[in-house]
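Visitor: So that we are looking at the same thing, I have put the structure below in structure tokens.
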Amino acid sequence: MLPRVHVITDLPHTPPEMIDEIVSAGADAVQVRAKHLTDRELYELAQDVVRTVGARAKVIVNDRLDIALAVGADGVHLGLDDLPVARARRLAPAGFLIGGTCRNVQHARQAYADGADYVGVGPIYPSTTKTGLPEPLGFDALSAISEIIPAIAISGITAERVPEVMAAGAHGVAVIAAVSRASDPPRAARDVVAAVRAATPAPSIR
């Protein structure tokens, strides 16, 4: 099952002990992102997250396929300037999740053709944690992309915004500040998880 609630690490706000509580609150994926760390530091962080999370949620390492494979993570998320998805797919073992960053329908089609399992689509709303992003894409773009490949909406996502994002066709959401910088991160994670579950159609019975 492709995860629907991706919590992205936001050091120093999400140390491993906080990640444990967030996963216990129902988040089914943790994306390890820490662009300011050295390779060794990122390896050690990702290793700690894998040990902390265990089999309760998927661990996805941003940008770095080598680190993801070295620590036994479940997947990697690749940005537009990272290793191409097609090359990562050839290097990765069977069942390894690969996500790509997507800003438009053309990116979505390429990611699908290259073997991505999902795409992170954004910014959906203005980001509070990342600079240099384009203007918000809008729900029409999210809907169009969602028809091509499962879309994880990112940027400015809160529990209150989940219903409209899911209604636009998103498979799930990725959150950073809404959880890691909340006064009570585990409770914030539970709120996001509950909102996603409430907005997820029940499987059809045949």
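The values are calculated or read from the model by the stated rules, or taken from the named source; none is laboratory data. Keep in mind the model is a prediction, meaning the values are calculated, not measured. Cβ sites come from the backbone with ideal geometry, for glycine too, and all protein chains shown count toward neighbours.
Visitor: Give the residues of the range 66-89 that are more than 22 Å from MET18 (Cα to Cα) and surrounded by fewer than 21 Cβ atoms within 10 Å (Cβ to Cβ), sorted by residue number.
Guide: ASP66, LEU69, ALA70, GLY79, LEU80, ASP81, ASP82, LEU83, PRO84, ALA86, ARG87, ARG89 - these are the residues of the range 66-89 that are more than 22 Å from MET18 (Cα to Cα) and surrounded by fewer than 21 Cβ atoms within 10 Å (Cβ to Cβ).
Visitor: So, one more: Just checking, which of GLY138, GLY169, GLY122, GLY95 is of a type outside the set (Lys, Arg) and closer than 28 Å to PRO15 by Cβ?
Guide: Just a single option satisfies the conditions, and that option is GLY122.
For every residue, the table says whether it meets (1) of a type outside the set (D, E, K, R); (2) surrounded by fewer than 22 Cβ atoms within 10 Å (Cβ to Cβ); (3) modelled with pLDDT under 90.
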{"residue": "THR129", "(1), (2), (3)": "yes, yes, yes"}
{"residue": "PHE139", "(1), (2), (3)": "yes, yes, no"}
{"residue": "PRO163", "(1), (2), (3)": "yes, yes, no"}
{"residue": "GLY169", "(1), (2), (3)": "yes, yes, no"}
{"residue": "ARG197", "(1), (2), (3)": "no, yes, no"}
{"residue": "ILE205", "(1), (2), (3)": "yes, yes, yes"}
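Visitor: May I pose another question? Would you check if there is a residue in the range 43-55 being of a type in the set (Lys, Arg) and within 25 Å of VAL193 (Cα to Cα)?
Guide: Looking through the range 43-55, at least one residue is of a type in the set (Lys, Arg) and within 25 Å of VAL193 (Cα to Cα).
Visitor: Look at the range 33-49 and say how many of its residues are in contact with an Asp or Glu (Cβ under 8 Å, 6 or more places away or on another chain) and surrounded by 16 or more Cβ atoms within 10 Å (Cβ to Cβ).
Guide: Selection size over the range 33-49: 2.
Visitor: Quick test of your reading of the structure: VAL50 fulfils all but one of (1) more than 23 Å from THR158 (Cα to Cα); (2) in a loop (DSSP other than H, G, I, E, B); (3) among the hydrophobic types (A, V, I, L, M, F, W, C); (4) modelled with pLDDT of 95 or more. Name the failing condition by number.
Guide: (2)
Visitor: Within the range 109-118, is there a residue that is at pLDDT below 95, out of contact with any Cys (no Cβ under 9 Å at 6 or more places or on another chain) and at positive phi?
Guide: The answer is no, given that none of the residues of the range 109-118 is at pLDDT below 95, out of contact with any Cys (no Cβ under 9 Å at 6 or more places or on another chain) and at positive phi.
Visitor: In addition: Restricting attention to the range 110-121, does a residue exist that is in contact with a Ser or Thr (Cβ under 6 Å, 6 or more places away or on another chain), within 19 Å of LEU2 (Cβ to Cβ) and touching a residue at least 40 places away in the same chain (Cβ under 8 Å)?
Guide: Checked the range 110-121: at least one residue is in contact with a Ser or Thr (Cβ under 6 Å, 6 or more places away or on another chain), within 19 Å of LEU2 (Cβ to Cβ) and touching a residue at least 40 places away in the same chain (Cβ under 8 Å).
Visitor: When the range 7-42 is examined, which residues are found to be closer than 22 Å to ALA70 by Cβ and among the polar types (S, T, N, Q)?
Guide: THR9, THR14, GLN31, THR38
Visitor: Give the range 14-47 a look and list any residue that's outside any helix (DSSP H, G or I), under 19 Å from HIS77 (Cβ atoms) and more than 14 Å from the chain's Cα centre (by Cα), or say none.
Guide: Once the filter is applied, which keeps residues that are outside any helix (DSSP H, G or I), under 19 Å from HIS77 (Cβ atoms) and more than 14 Å from the chain's Cα centre (by Cα), the range 14-47 yields THR14, LYS35, HIS36, LEU37.
Visitor: Does any residue of the range 50-65 turn out to be over 23 Å from HIS171 (Cβ atoms), of a type outside the set (D, E, K, R), out of contact with any helix residue (DSSP H, G or I) (no Cβ under 6 Å at 6 or more places or on another chain) and surrounded by 15 or more Cβ atoms within 10 Å (Cβ to Cβ)?
Guide: no
Visitor: Looking only at the range 90-111, count every residue that is surrounded by fewer than 16 Cβ atoms within 10 Å (Cβ to Cβ) and farther than 27 Å from GLY54 by Cα and tell me the total. If you could, list the steps in order and put the result at the bottom.
Guide: First, the residues of the range 90-111 that are surrounded by fewer than 16 Cβ atoms within 10 Å (Cβ to Cβ): 90-91, 93-95, 104-106, 109.
Right, trim to farther than 27 Å from GLY54 by Cα and you get 104-106, 109.
Final tally of qualifying residues: 4.
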